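Below you'll find the structure, written out as structure tokens, and then a few comments.
The values are calculated or read from the model by the stated rules, or taken from the named source; none is laboratory data. Since the model is a prediction, treat every value here as computed from it, not as a measurement. Here Cβ is always computed from backbone atoms with ideal geometry, including for glycine, and neighbour counts include all displayed protein chains.
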Amino acid sequence: MKSMIIVNNGLEECEALLTYDLLYRAGIKTDLVGFEKEICSSHEVTFKAHKLLDEIDPLDYDCLILPGGMPGTLNLENDERVQKLIDLFVEKDRYIAAICAAPSILLHKGLLDHRKFVCFPGFESGKTPENAKAVRDGKFITGKGLGAAFEFSYEIIKALVNEEKAKEVLAKVQY
């Protein structure tokens, strides 16, 4: 299994990097795929993407991960390439995971209609989220925010590998 985390300026770096770390520990090949090579988060933390969005073959990936943060979420939603990626992953029945404000992108596209989801309070778009930190419904995985990044990553690992591996990873990091 292989996943990509889209990283762009204005994202919540901990949501992206903690998820990356936990997936790495689970043995899931994960690429930080950026709009640019150097990314500056909403908290002015700078780091480098592994690959550029325009250089990848999206069909090499089983899971698309969208971190939240502001204005990172708006930057994701307003990027035509990200919109096309989401559409492709839906068409190919692959996993899409979004945390914090990023589930709003999926809500605006109508992809979470009649599905269980969570998001950061205020980004529900008139829908009613579950009372949970992270939720998986079919091929969609959503997380409430940074404080739910462990549960969010657990759901991704469970979906891409299995529950035993997800439990093992969380135990090893003393969660």
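Selection of region 129-144 for residues being surrounded by fewer than 24 Cβ atoms within 10 Å (Cβ to Cβ) and either of a type in the set (Phe, Trp, Tyr) or assigned to a loop (DSSP other than H, G, I, E, B) (or both) yields Pro129, Glu130, Asn131, Ala132, Lys133, Gly138, Lys139, Phe140.
Contact list please: Cβ distance under 8 Å, first residue in region 95-123 and closer than 17 Å to Met4 by Cα, second residue surrounded by fewer than 17 Cβ atoms within 10 Å (Cβ to Cβ), pairs at least six apart or on different chains. Note: pairs meeting the criteria are Ile96/Val90.
Considering only residues of region 14-28 that are closer than 24 Å to Met70 by Cβ and touching a strand residue (DSSP E or B) at 6+ places or on another chain (Cβ under 7 Å), which is surrounded by the fewest Cβ atoms within 10 Å (Cβ to Cβ)? Only one residue fits best here, namely Tyr20. The residue list Gly147, Gly126 contains one member that is free of Cβ contacts under 8 Å to residues at least 60 places away in the same chain, at positive phi and either surrounded by fewer than 24 Cβ atoms within 10 Å (Cβ to Cβ) or not hydroxyl-bearing (Ser, Thr, Tyr) (or both), which is Gly126. Taking (1) modelled with pLDDT of 95 or more; (2) out of contact with any Gly (no Cβ under 9 Å at 6 or more places or on another chain) in turn, Glu155 satisfies each apart from (2). Among the residues of region 60-114, those that are over 22 Å from Thr30 (Cα atoms), surrounded by fewer than 24 Cβ atoms within 10 Å (Cβ to Cβ) and aliphatic (A, V, I, L, M) comprise Met70, Leu74, Leu107, Leu111.
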